[in-house]
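What follows is a set of notes on a single structure, which appears directly below.
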Amino acid sequence: MANLTGPRKTDVLDTGSPVFYDRGMGANAKIYEGAIVCKNPAGDLVTATGATGYIAVGVADATYDNTGGATGATNARARSGIAVLANSVGDPVTKADIGNVVYIENDFTVSKTNGGSQSPAGRMWDLISSSPLGATGVAVTLGINVIGTGATGATGPTGPTGPTGPTGPTSLAAFKSDIRHLTENEEMLLAAQILGLKPATYRYNADGPRGSLKLGFIIDELEPGSPAVEADGKHVDLYAYSTMLVATIKMQQRQIDELRAMVERLATRTETVQ
């Protein structure tokens, strides 16, 4: 089956805060919106192809055209997460493959096996009969560290056991135990950690000097035992981090409400005095 010849509305299921991978494209490359985006052996972004040596990093959020351009002349951006892709006709993925690595057949299709010459796409999440965009196909967890490649390793924030791994970002109570809601004091402690963070820009050493500039935090600067850090001490727990942000917003809203009430009381007293 041939690659895309135009944009495709590839559904990326909601997994919380989206993670994007942005870097230079390969020479004369064109990537259509909705296509699987890969890092080629030289480290440049290209549309996926049924060949070895490629690393799937996500789905293109727009069409990027570097036709006639040199390597790195144009940047492309891919969103990692759980993407609903087409299922191979000749080597289809089944429910028995949930959690297993599936392979790139073309830039929008995955297959059960590598056929001896295909690169991994990611890990199968489920078979989808109807996505939010009405799509059907194979839900696959895409991302540079999903199957153990890339600078952040297999146990990174979007790795097999992370918030966007094969087990999914399930938040239903039926799948959880020991549920306890935080007290206001606990929320205030989390807010204090968030407010103490120092945003920074950086490049990953593994990406080299041509790597795209990232925006984030330096784990070394966080408080020991911060819930925003994975158990390995090297990766950010994006799900916990976003929950800390919610606690911060709630704390600040309480402060706003208290200040508003104070202003109203002062206004009432002023009117009484007059």
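Multiply the residue separation of Ser117 and Leu213 by 0.36 nm, subtract the distance between their alpha-carbon atoms, and state the gained length in nm to one decimal.
My answer for the length gained is 31.3 nm.
What distance in nm separates the simple spin-label points at Glu186 and Arg203, each placed 7 Å from Cα in the Cβ direction?
Distance between the two pseudo-spin positions: 4.3 nm.
Among Thr270, Thr47, which comes first, then next, by fewest other beta-carbon atoms within 10 Å?
Values: Thr270 9, Thr47 24.
Neighbour counts put them in this order, fewest first: Thr270, Thr47.
Quick check: net charge around Gly43, other residues with Cβ under 14 Å of its Cβ, Lys/Arg +1 and Asp/Glu -1?
+1
Just name one of Tyr32, Gly225, Thr67: the one whose Cα is farthest towards the positive end of the charge dipole of the chain (beta-carbon charges, Lys/Arg +1, Asp/Glu -1).
In the chain, that residue is Thr67.
So for the chain, taking the charge dipole from beta-carbon charges (+1 Lys/Arg, -1 Asp/Glu), which of Ala267, Ser129, Ala51 sits furthest toward the positive end?
Ala51
At 7 Å along the Cα-to-beta-carbon direction for both Ala267 and Ala174, put a label point, then send me their distance in nm to one decimal.
Spacing of the two 7 Å Cα→Cβ label points: 4.8 nm.
Kindly put Met262, Met244 in sequence by how many other C-beta atoms sit within 10 Å of each C-beta, fewest to most.
Met262, Met244
Among the trypsin sites (Lys or Arg not before Pro) within segment 169-246, which fall in a DSSP loop and have no more than 13 other Cβ atoms within 10 Å of their own Cβ?
Of the trypsin sites (Lys or Arg not before Pro), the ones in loops of segment 169-246 whose Cβ has at most 13 other Cβ atoms within 10 Å are Lys176, Arg180, Arg203, Arg210, Lys234.
Given Cα pairs under 8 Å that are at least 6 residues apart, what percent is the relative contact order of the chain?
Worked out over the chain, it gives 14 percent.
Glu223 label point, 7 Å along Cα→Cβ, cut-off 13 Å on backbone N: hits in segment 172-209?
Within reach of a label on Glu223: 185-197.
When DSSP assigns beta bridges and you keep just the ones with both residues in the chain, what percent turn out antiparallel, to the nearest 5? Spell out each step's value before the answer.
Details: 39 of 42 bridges.
Here the share of antiparallel DSSP bridges comes out near 95 percent.
Are there chymotrypsin sites (Phe, Trp or Tyr not before Pro) in segment 190-261 that DSSP marks as loop and that have at most 14 other Cβ atoms within 10 Å, and which are they?
Sparse-neighbourhood loop chymotrypsin sites (Phe, Trp or Tyr not before Pro): Tyr204.
Ranked by Cβ crowding within 10 angstrom, fewest neighbours first, how are Thr141, Thr67, Thr10 ordered?
Thr67, Thr10, Thr141
Give, as a single signed number, the net charge of other residues whose beta carbon lies under 13 Å from the beta carbon of Glu184, with Lys and Arg counted +1 and Asp and Glu -1.
Neighbour charge sum, excluding Glu184 itself: -2.
Against the longest principal axis of the chain, how steep is helix 238-273, in degrees 0 to 90 to the nearest 10, with axes from Cα atoms?
Here the helix axis deviates by roughly 30 degrees.
Please name which of Ile256, Leu238, Ala192 has its Cα lying farthest along the dipole of the chain towards the positive end, using unit charges on Cβ (Lys, Arg +1; Asp, Glu -1) and the Cα centre as origin.
Sorting the options by dipole projection puts first Leu238.
Counting only the backbone N, which residues of segment 202-243 are under 14 Å from the spot 7 Å out from the Cα of Ala70 toward its beta-carbon?
Backbone N within reach: none found.
Excluding Asp257 itself, what net charge comes from residues whose Cβ is under 15 Å from its Cβ, given Lys and Arg +1 and Asp and Glu -1?
0
I'd like the orientation of helix 184-195 relative to the chain: the angle between its Cα long axis and the longest Cα principal axis, in ° from 0 to 90, rounded to 10.
60
Quick check: the distance between the Cα centres of segment 84-127 and segment 19-37, to the nearest angstrom?
20
We did not get these values from a lab; they are worked out from the coordinates using the rules stated. A quick note: this is a predicted structure, and the numbers were derived from the prediction, not measured. Glycine gets a Cβ as well: all are built from the backbone with ideal geometry, and neighbour counts include every protein chain shown.
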